[in-house]
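Shown next, in structure tokens, is the structure this report addresses.
We did not get these values from a lab; they are worked out from the coordinates using the rules stated. These numbers were taken from a predicted model, which means no experiment stands behind them. A quick note on method: Cβ atoms are made from the backbone with ideal geometry, for glycine too, and the neighbour counts reach across all protein chains shown.
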Amino acid sequence: MGKPILKMKPTHALITVFLALLFAWAGQIALGYIQVGRLEPILNEDTNYTEPPVPSGFAQTGARVFASEGCLECHSLSVRGPVGSADLTRGWGPRRTVPRDYLFREPAWVGSSRIGPDLSNIGIRMADPNQLMLHLWNPRLRSPKSNCPPHPWLFDRKVAGPKIEKDALPIPAKDWKQTIPSYKAKALVAYLQSLHADYSLPEAPIK
């Protein structure tokens, strides 16, 4: 004869589930908030600026464009350390990314997909805004093997007049039209240029 099966009362079952969720919340959310919530920017005594830098309002607008265009589907925003990762060897950043780097980035996107390269330091690797604009228009103009899709809807096509627009992309056009970045394209480039961790932090110094 087998042992009798213990039946848990519905009230006890609810309490057990509640406690399990409470402990999970405490471990994942509350503890993380306590650890990260206490972080503050660091004063760089050489430049008298705080690190990480506060992105401009225009760059923050670009962050929303970044999200709406689905860039996180292909790119991460977190450089991993040297243990078990080749991110630093690939040249994706001068150091690993740490929680303090996200102080002024709301929401703090990390990303997990790496169909394309990590963009935590794209502002260093592609410091020229014209390069970024060309990449948005057609990535294969500069990188023929790029798997990044073009974003022509972020640009306006205007018939060339007697004067070339200052913002027009330097690309040949058979239809005599100029390619002009839209407000959203400019904001997105401002955001991408703001992504650079070229400063040391106590927990992640640049060696």
Scattering profile of the stretch 50-143 from the Debye formula, Cα beads only, expressed as log10 I(q)/I(0) at q = 0.22 Å⁻¹, is -1.43
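Suppose the chain between N48 and A67 were pulled fully straight at 0.36 nm per residue; how much longer would it get relative to their current alpha carbon spacing? Numbers along the way, then the final one.
Details: separation 19, 0.36 × 19 = 6.84 nm, distance 3.21 nm.
That pair, N48 and A67, stretches by 3.6 nm at full extension.
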Taking only C-alpha positions in the chain, Rg and Dmax in angstrom work out to 23.6, 98
Expected unfolding gain across E40-S85 under the 0.36 nm per residue rule, minus the alpha-carbon gap, is 13.5 nm
Largest fluctuation, A173, A185, A197 only, Gaussian network model of the chain with Cα springs under 10 angstrom, belongs to A173
In order over the stretch 60-73: 3J(HN,Hα) from phi, Karplus 6.51/-1.76/1.60, θ = phi - 60°, whole Hz, x for each Gly or Pro, gives 5, 4, x, 4, 5, 5, 3, 6, 5, 7, x, 5, 6, 5
Given backbone amide H placed at 1.01 Å from N, residues whose amide H is under 5 Å from that of Y49, ignoring those fewer than 5 places away on the same chain, are N44
Rounded to 0.05, the calculated FRET efficiency for the beta carbons of I171 and V110 at R₀ = 35 Å is 0.55
Amide H proximity to Q178 below 5 Å, modelled H, separation 5+ or other chain, gives K158, V159, A160
So D198 and S182, fully extended at 0.36 nm per residue minus their Cα-Cα distance, gain in nm 2.9 nm
Over the Cα atoms of the stretch 113-207 the radius of gyration and the largest Cα-Cα distance (Dmax), both in Å, equal 16.0, 55
